[in-house]
Amino acid sequence: MGRYRDAANYTEAERLLEVSIGGWLSVNASRQQALSGSSAGVTTLDYIGFRMPPAAPVGFSEVQVQVAGQRAVSTPRSSASLFVGCKPGYFGHSNESCAACPIGALCVGLGGPMRILPSGQTELSSIAFASPDPVPHPFLLDPADPSQPLDMRRLANSSVMVGNLEVDLLGYHTYPLPLPGFFDLNATMGSACPPLVRSYFPSRDVCVVACIPPDACTGGNHCQDAYRSKAPYYRCADCNLGYFKSAGDCIKCPDSPYMLFVGAAMVILVVAVVGYLLNKYQFDIRVVSIGIGACAAVRVRMLACADVVGLLYPGRKLR
């Protein structure tokens, strides 16, 4: 690479310095120098510093360096390559750039940071891919069944997808997790995604929308007991078995549905008995109507008199 202090003597070709991450050119690559050591002696360390390109892909990225008239390429998926993850508030899978978390979701970024073993090696450099048995690894447990570790040999050449969680050698690449009140129309539910929401992430399996009603979703694409998701709307918009919809909410069905029939039968029986009695004693319903009309007329006259008394004698009431 050449020493930092000799840079003034380099030829034009030797001064050229480029660093590419996953095919994307880095920013401000330059030779750097740092001091290291103790009171017994100080040494200098020459290195290359650069800023990550904004569109650097997630996962293991091949590093290409052109320095001192030479070009070097790192070995894919090795300790010489660069492992890129998203910080909290962003998400992405391998070969995707980190995107901002959508509204209504939680994005934790890269899960499972690389550890340094007591020997000073990283977990990556200590893995033996030729091992005939699965190697235990704290970040490679299957989320669907934490007691079953994934076979490390499956990760030798590529990552492994578990749902929308991508498991890699050095950690998990997470995707948005819907918050309470929201639902992610991913996978086979993608056809229900509104076009406007789809336009935010057209090439990714993400579509976070509000639930119908909002309190039907508990988060993580789970529904309250009274609700369930099914086509064509999903997002916990339908009532679960044993519930019925009333004014947009799902209400639990009565514990004894037969009592509804008993109550209806009692109402019909009471109406029939009243009708029978009225007919037996030849009661004329028109008398009731005349009585109600007469009472209403008297009431109107009393109210009119009360208004007159109130005008002539303020403070007095008609009794």
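The values are calculated or read from the model by the stated rules, or taken from the named source; none is laboratory data. This one's a predicted model, so the numbers in the text were calculated from it and none came from an experiment. Methodologically, a virtual Cβ is constructed for each residue, glycine included, from the backbone with ideal geometry; neighbour enumeration extends over all protein chains shown. These area figures cover heavy atoms from the full protein model, side chains too; ligands, DNA and RNA do not enter into them. Shrake-Rupley method; radii C 1.70, N 1.55, O 1.52, S 1.80 Å.
Assorted remarks:
- Cα-Cα separations in region 1-122 greater than 23 Å, expressed as whole percent: 48 percent
- Extension reserve of the THR44-LEU196 stretch, reckoned as 0.36 nm per residue once the Cα distance is removed: 49.2 nm
- The length gained by stretching the chain between ASP255 and VAL273 to full extension, at 0.36 nm per residue less their Cα-Cα distance, is 3.5 nm.
- Each label was represented as a point 7 Å from its Cα along the Cα-to-Cβ direction; for SER203 and HIS222 these points are 3.4 nm apart.
- Ranked order, TYR90, TYR243 - accessible area, probe 1.4 Å, largest first: TYR90, TYR243
- Calculated translational diffusion coefficient of region 39-79 (25 °C, 0.890 mPa s; Stokes-Einstein with Kirkwood radius over alpha-carbon pairs) equals 184 µm²/s.
- Highest average first, the peptides 23-35, 157-169, 265-277 ordered by how many other beta carbon atoms sit within 10 Å of their residues are 157-169, 23-35, 265-277.
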